[in-house]
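Asks: Got a structure for you, written out below as structure tokens; questions coming shortly.
Where a number appears in this text, it was derived from the coordinates with a stated rule and is not lab data. In this text, all values refer to a predicted model and were calculated from it rather than measured experimentally. Virtual Cβ from ideal backbone geometry, glycine too; neighbours counted across all protein chains shown.
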Amino acid sequence: MGNAATSASPTPLRAADFHLAIILSRYNEDIVQALLAGARAAWRSRGGADEALRVEQVPGAFELPLAARAFALSGSVDAVVALGCVIRGDTAHFQYVAGECAHGLQRVMLDTGVPVSFGVLTVETRAQALERCAPGPLNKGAEALESALAMAALLRRLA
């Protein structure tokens, strides 16, 4: 059961109040770039300037946790957004890469206390990935950025 404090609408998030890093996987680069475009659009819609976002690339989704950890430990960011795309193939490679990426990013978040948003598409087909990175309200890059901002704001309020 809620009280007045928890049922009230939160103050709108202002991107300028936070420092974020976005880490991109180079694999399935066209899809990841579309996720980045969605994240940048969400950032701008919150009043953020493009130059205020730190964007770095890693070879693939498997490397995202290490880069996220480096950013989290640097003390220079309030949250990290990890963007990538892993498409199921004919081998077990998908399970290893997708699962370890998710586990590693969660571990970074829990070990460091810095929010790490999971914007890594884990899909069966390229068509599914294209649906999830298309411009508009269903873009998972935008969703990941919004999640990172929300968690950074929550942790700030709780501190």
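Asks: Explain nothing, just the number: dipole magnitude of the chain about its Cα centre with +1 on each Lys and Arg Cβ and -1 on each Asp and Glu Cβ, in debye rounded to the nearest 20.
Replies: Working: 14 positive and 15 negative charges, 71 e Å.
Charge dipole of the chain: 340 debye, to the nearest 20.
Asks: Rounded, prolate or oblate: which one fits the stretch 66-152, using the alpha carbon gyration tensor with axes a ≥ b ≥ c (rounded when a/c is under 1.5, else prolate when a/b beats b/c, else oblate)? Could you put the intermediate results ahead of the total?
Replies: Details: a/c = 3.11, a/b = 1.37, b/c = 2.27.
Oblate.
Asks: Which whole-number percentage describes the relative contact order of the chain, with Cα contacts under 8 Å and a sequence gap of 6 or more?
Replies: In percent, rounded to a whole number, it is 30.
Asks: What is the local net charge at Asp17, summed over the other residues whose Cβ is closer than 11 Å to its Cβ (Lys, Arg +1; Asp, Glu -1)?
Replies: +2
Asks: Another question, if that's okay. Run the dipole for the stretch 47-110 about the Cα centre, Lys and Arg Cβ at +1, Asp and Glu Cβ at -1, nothing else charged, and hand back the magnitude in debye, nearest 20.
Replies: The calculation lands at about 200 debye.
Asks: Restricted to Cα positions, what overall size does the chain have along the principal axes? Three whole-Å values, descending.
Replies: Taking max minus min along each principal axis of the Cα atoms, the chain gives 52, 39, 33 Å.
Asks: Moving on to the next point. Count neighbours as other Cβ atoms within 10 Å of each site's Cβ, and list the GluC sites (Glu not before Pro) in the stretch 96-159 that are DSSP loop with at most 15 such neighbours.
Replies: Glu124
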